[in-house]
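Here's the structure, in structure tokens; my notes come after.
The values are calculated or read from the model by the stated rules, or taken from the named source; none is laboratory data. Since this is a predicted model, take the numbers as computed values, not measurements. Neighbour counts run over all protein chains shown; Cβ positions are idealised from the backbone, glycine included. These accessible areas exclude ligands, DNA and RNA; they are computed on the full protein's heavy atoms, side chains included. Shrake-Rupley method; radii C 1.70, N 1.55, O 1.52, S 1.80 Å.
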Amino acid sequence: MLGGGLVAGSLILVGGEPGIGKSTLLLQVSGIIARDVGPVLYISGEESIEQVKMRAERLDITGERLYLLATTELDAIGEAVQRLKPSLVIVDSIQTLSASYLTAAPGSISQVRECTVQLMHLAKGLHIPLFIIGHVTKEGTVAGPKALEHIVDAVLYLEGERYHSYRLLRGVKNRFGATHEVGVFEMHGEGLGEVLNPSAVFLSDRATGATGSAVVVSMDGTRPLLVEVQALATPSNFGNPRCTTNGIDHNRLLMLLAVLTKRVGLAVGNHDVYANVVGGFSLEEPSVDLGVAAAIASSYRERLIAPDMALIGEIGLSGELRAVNRLALRVREAAKLGFKRCIVPGAGGGAKVRSELAEAGLPDDFKVITASTLAVALEIVLQH
Ligand SMILES: Nc1ncnc2c1ncn2[C@@H]1O[C@H](COP(=O)(O)OP(=O)(O)OP(=O)(O)O)[C@@H](O)[C@H]1O
Ligand SMILES: [Mg+2]
């Protein structure tokens with residue numbers, strides 16, 4: 001996640017919504033560093049030492065070389081770090097800290113900023129890596145991690161639907177390594193475990209006999225990820241069609257509906273449309289357009305999308321399919337997961353795409369089908 005390791009003296013912000021698992025993640029990291037590297041100081045301003053200890057026991061972390069300190073005072077943290085000189089410091093959370101010389105309340109923008117700057121000096125001065133946890137709320141708090149992104153060296157966000165067990169750790173800034181790395185974890189009773197083959201997990205519960213389901217290949221950082229997109233289009237009863245999305249940009253969906261109406265001739269405008277990304281993912285890449293549009297068309301026309309087909313392509317306003325980056329990587333991942341066919345953008349017969357994919361080492365029974373427009377792609381996709 002951090003592009004090869006933890007840099008001494010770096011200050012790393014881990015943000016996330018309440019209850020998502022920030023304390024769990026960093027307590028697990030603490031346990032590993034304490035076991036393999038050296039003493040770790042975990043400072044909790046939110047929970048008592050007893051509570052942190054209970055969590056550590058549940059996560060099966062032994063206490064050796066792991067020091068807990070329950071405080072909200074910046075001075076006390078400075079003293080403890082100076083005294084212990086640990087290999088790693090965790091501050092949980094930045095919103096609970098206060099510097100005694102400021103009158104503002106903990107969690108206010110001035111306290112949060114000042115405490116972060118002081119922790120930065122501490123980390124840099126002693127060459128100790130330091131993680132700070134910060135809460136983000138859906139509404140976006142004023143003194144939230146966003147206000148700190150420019151101060152710290154690296155920013156990681158832990159996300160995922162609260163009620164699904166998957167969590168994504170996403171790098172959004174890193175002064176010492178690549179960003180846009182994504183780690184996929186699953187939350188168990190014993191803590192967060194790494195998910196080694198996320199695509200397989202996200203597709204494992206697919207109901208293959210249902211309309212409105214398509215599989216798209218999105219890039220998560222440098223890794224292709226196959227995810228199921230579901231759509232439901234039902235005639236609108238009240239003359240005021242609704243459009244609800246989960247994991248897909250709302251405006252992007254409206255655009256796709258307009259293209260389906262105008263360029264493909266589907267009267268989706270008088271339907272309520274729901275679109276959902278399975279597994280609590282949010283798909284931001286335009287390469288998933290084709291899959292989303294096909295899922296909607298599949299539900300609208302009550303035609304199945306073959307379960308062994310993956311869909312890749314950005315859709316333009318003229319209804320054309322536009323090329324996407326890293327095509328070979330995406331197609332190879334689909335083949336690896338047992339898909340047999342893949343629809344990809346290919347203008348003019350797709351000769352260029354075919355030569356691009358020639359070296360991808362695809363299995364012989366894997367078929368790449370090129371389409372130049374959404375209408376053509378839907379002809380191929382919705383045959384059943
Ligand atoms: N016994 C358990 N079994 C499985 N999962 C658990 C268990 N106890 C807690 N969890 C998971 O851990 C999550 C809470 O983790 P954690 O306290 O690390 O989150 P946090 O982001 O630090 O929250 P906060 O904002 O309250 O500090 C819960 O939402 C739940 O998913
Ligand atoms: Mg916590």
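A few points about this structure:
- Of GLY193, LEU26, SER299, farthest towards positive along the dipole that unit charges on Lys, Arg, Asp, Glu beta carbons give the chain: SER299
- Calculated [θ] (222 nm, deg cm²/dmol) that DSSP helices of n ≥ 4 give over the chain, each run adding -39,500 (n - 2.57): -8500 deg cm²/dmol
- Contact order for the stretch 243-344, expressed relative to its length and based on alpha carbon pairs under 8 Å spaced 6+ residues apart, stands at 26 percent.
- Largest to smallest accessible area among ARG35, ARG330 [probe 1.4 Å]: ARG35, ARG330
- Student exercise, the stretch 1-101 dipole from Lys, Arg, Asp, Glu Cβ charges, in Debye to nearest 20: 280
- For the chain, the number of Lys pairs with C-alpha atoms closer than 18 Å, counting only pairs eight or more positions apart or on separate chains, is 10.
- In a reduced charge model with +1 at each Lys and Arg Cβ and -1 at each Asp and Glu Cβ, the stretch 158-282 shows a dipole moment near 500 debye about its Cα centre.
- Protein heavy-atom accessible surface, 1.4 Å probe, per residue over the chain: 45 Å².
- Unit charges at the beta carbon, dipole of the stretch 1-156: most positive-side option, SER48, LEU88, ALA104: LEU88
- Angle between the chain longest axis and helix 74-84 axis [Cα atoms, degrees, rounded to 10]: 80
- Computed from the C-beta positions of SER100 and ARG35, the FRET efficiency with R₀ = 25 Å rounds to 0.10.
- Sorting the Cα pairs of the stretch 110-269 by distance into bins of 10 Å, from 0 upward, gives 8, 26, 29, 22, 11, 4, 1 percent per bin.
- Using alpha-carbon coordinates, inclination of helix 49-58 to the longest axis of the chain, degrees: 50
- Taking Cα centre as origin and charging only the Cβ of basic (Lys, Arg, +1) and acidic (Asp, Glu, -1) residues, the dipole magnitude of the chain rounds to 800 debye.
- Tilt relative to the chain, helix 250-259 - C-alpha long axis, 0 to 90 degrees, to 10: 10
- Its Cα gyration tensor gives the stretch 251-384 an equivalent ellipsoid. The semi-axes, each the square root of 5 times an eigenvalue, are 24, 16, 14 Å from largest down.
- Protein-only accessible surface at a 1.4 angstrom probe places the residues MET309, MET120, MET1, MET187 in the order MET1, MET187, MET120, MET309, largest first.
- Treating r as the C-beta distance of ALA8 and PHE238 and R0 as 56 Å, the FRET efficiency rounds to 0.35.
- Divide the volume of the convex hull around the Cα atoms of the chain by the residue count and you get 159 Å³ per residue.
- Using C-alpha pairs under 8 Å with a sequence gap of at least 6, the mean separation divided by the residue count of the chain gives a relative contact order of 14 percent.
- Accessible-area composition of the chain, carbon plus sulfur, in percent [1.4 Å probe]: 52
- Neighbourhood net charge (13 Å Cβ-Cβ; Lys/Arg +1, Asp/Glu -1) for GLY316: +1
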